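The values are calculated or read from the model by the stated rules, or taken from the named source; none is laboratory data. This structure is a prediction, so every number in the text was calculated from the model and none was measured. Glycine gets a Cβ as well: all are built from the backbone with ideal geometry, and neighbour counts include every protein chain shown. With ligands, DNA and RNA removed, areas are computed over all heavy atoms of the protein, side chains included. Shrake-Rupley method; radii C 1.70, N 1.55, O 1.52, S 1.80 Å.
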Amino acid sequence: MKKILILLSAIAIVACKKEEAPKDYVTFSGTISNKNSDSVVIRSRDYSKTIKVNENGTFSDTLKVETGVYSFFDGSEAAPIFLKNGFEINLTIDTKEFDESIAYTGTGSEHSNFLAKKALKQETLLNMDELSTLTEMEELDKALDNIKVELNEFYASQTGIDSSLINSSVKDIEPMLKFYKGYLADAINLKKELPEGTPSPIFVDYENVDGTTTSLEDLKGKYTYIDVWATWCGPCKAEIPSLKKLEREYHGKNINFVSLSIDDDRSHGGSWDKAREDWKTMIADKELGGIQLFAPEGWQSQFIKDYKIKGIPRFILIDPDGNVVTPDAPRPSSEKLIELFTSLSI
């Protein structure tokens, strides 16, 4: 009897150990308010899995992954998420306030919450509305140095977070700020080369979506707000709702809204015809208003080179006499743009 009891105890211990063995997968679930799609995607360079979203916005699935950072994509926007087999993560999000509302709970959730806080911290510190108002390199250098200090302090304050996330975040500070410095330095120099009141570079007979042509000269008599964009540009497309709202609010007022596409053959499989077709299709699909123009040589169009445009979207404001108000105007979603329009009595 004693031997039998010992045997049963051993079996029970083994069974418990089996039950306690770590899971070799991630349990991932969540609830999405105002969902953009009937599915979400978890992906990295080497991994992709689509998860069905129920009518009520809930979803649940298991994922077998390599430990690391993945992208959670809801069909419209994306957010980073840190996954490791054994985690049990639940996500909640309202897509109308995507970055601000995303939150994780459950085993291992602290790492993904760190990534969400990191994104908001960077967005707050790298406020382009504020940084783009700087007019001297000394001011820019000081602002970026302060941002570097704040980011280092923020990362140092985080406890219990996977060391690889902290180390990579610290390592990324320098190259990230170098990129922003290059972009903002170009804007500072451009404002010195094309200050307010300078005659604007012009374009002549650019193709209009309706088959006619438009020149900058044709637009004199009103302010002209130019959105330089392309169909493949995510940040450009993100501004479309705000631009459409502006066009409605300022309809009939003293301003033209021009969208200038720099879609070209290189970004459309080597075909200019495909570039034009995709441009026209998006205008129709998105019901874009205003004056829709196509730059004849894409990035190499003279107007684009004269304004030294190396990244998009770029917004330009020209006065009724054809002079530059600003070669780097606030984006449509920025309150700074409304302030600018109001100051000009548009």
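Points to keep in mind about this one:
- ALA119, sole failed condition from (1) under 30 Å from THR27 (Cα atoms); (2) without any contact (Cβ under 8 Å) to a residue 40 or more places away in the chain: (2)
- Boolean, TYR183 is aromatic (Phe, Trp, Tyr) and assigned by the TED database to the domain that holds GLU277: no
- Within segment 251-271, the set of residues being surrounded by 18 or more Cβ atoms within 10 Å (Cβ to Cβ) and closer than 19 Å to SER215 by Cα comprises ILE255, ASN256, PHE257, VAL258, SER259, LEU260, SER261, ILE262, ASP263.
- In segment 298-307 there is at least one residue that is of a type outside the set (A, V, I, L, M, F, W, C), open to solvent by less than 60 Å² (accessible area, probe 1.4 Å) and under 18 Å from GLU207 (Cβ atoms).
- Flag if GLU207 is among the acidic types (Asp, Glu) and over 24 Å from HIS251 (Cα atoms): no
- Going through (1) of a type in the set (S, T, N, Q); (2) at pLDDT below 95; (3) more than 28 Å from ARG45 (Cβ to Cβ) one by one, THR58 falls short only on (2).
Residue-wise test of (1) open to solvent by less than 50 Å² (accessible area, probe 1.4 Å); (2) touching a Gly at 6+ places or on another chain (Cβ under 6 Å); (3) at pLDDT 95 or above; (4) among the polar types (S, T, N, Q).
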position	(1), (2), (3), (4)
GLU249	no, no, yes, no
ASP273	no, no, yes, no
ARG276	no, no, yes, no
LEU317	yes, no, yes, no
PRO320	yes, yes, yes, no
PRO332	yes, no, yes, no
LYS336	no, no, no, no
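- For LYS191, the requirement of being basic (Lys, Arg), open to solvent by less than 40 Å² (accessible area, probe 1.4 Å) and part of a helix (DSSP H, G or I) is not met.
- Test: residue in segment 220-230 that is surrounded by 13 or more Cβ atoms within 10 Å (Cβ to Cβ), more than 13 Å from ILE318 (Cβ to Cβ) and either of a type outside the set (A, V, I, L, M, F, W, C) or not assigned by the TED database to the domain that holds ASP278 (or both): no
- Filter pass, LEU134 being touching a helix residue (DSSP H, G or I) at 6+ places or on another chain (Cβ under 6 Å), part of a loop (DSSP other than H, G, I, E, B) and over 29 Å from SER37 (Cβ atoms): yes
- When residues in segment 72-94 are screened for being in a strand (DSSP E or B) and either over 22 Å from LYS23 (Cα atoms) or open to solvent by less than 30 Å² (accessible area, probe 1.4 Å) (or both), 13 of them pass.
- Filtered by the rule that a residue be small (Gly, Ala, Ser) and touching an Asp or Glu at 6+ places or on another chain (Cβ under 8 Å), segment 181-195 gives a lone residue, ALA187.
- Any hit, segment 95-116, residues being among the aliphatic types (A, V, I, L, M), open to solvent by less than 50 Å² (accessible area, probe 1.4 Å), in contact (Cβ under 8 Å) with a residue 12 or more places away in the chain and assigned to a helix (DSSP H, G or I): yes
- Single residue of ILE312, ILE346 found to be closer than 22 Å to LYS192 by Cβ, among the β-branched types (Val, Ile, Thr) and open to solvent by 10 Å² or more (accessible area, probe 1.4 Å): ILE312
- Among the candidates ASP145, ASP129, residue that is surrounded by 13 or more Cβ atoms within 10 Å (Cβ to Cβ) and over 12 Å from GLY30 (Cβ atoms): ASP129
- For segment 167-188, the condition of being at pLDDT 95 or above and more than 22 Å from the chain's Cα centre (by Cα) holds for at least one residue.
- Test result for LYS244, under 21 Å from LEU219 (Cβ atoms) and at pLDDT 95 or above: yes
- Selection from segment 222-265 of residues that are part of a loop (DSSP other than H, G, I, E, B) and under 19 Å from TYR206 (Cβ atoms): LYS222, ALA230, THR231, CYS233, ILE262, ASP263, ASP264, ASP265
- ASP162 meets each of the listed conditions (1) under 20 Å from ILE102 (Cα atoms); (2) at pLDDT 95 or above; (3) out of contact with any strand residue (DSSP E or B) (no Cβ under 9 Å at 6 or more places or on another chain) apart from (3).
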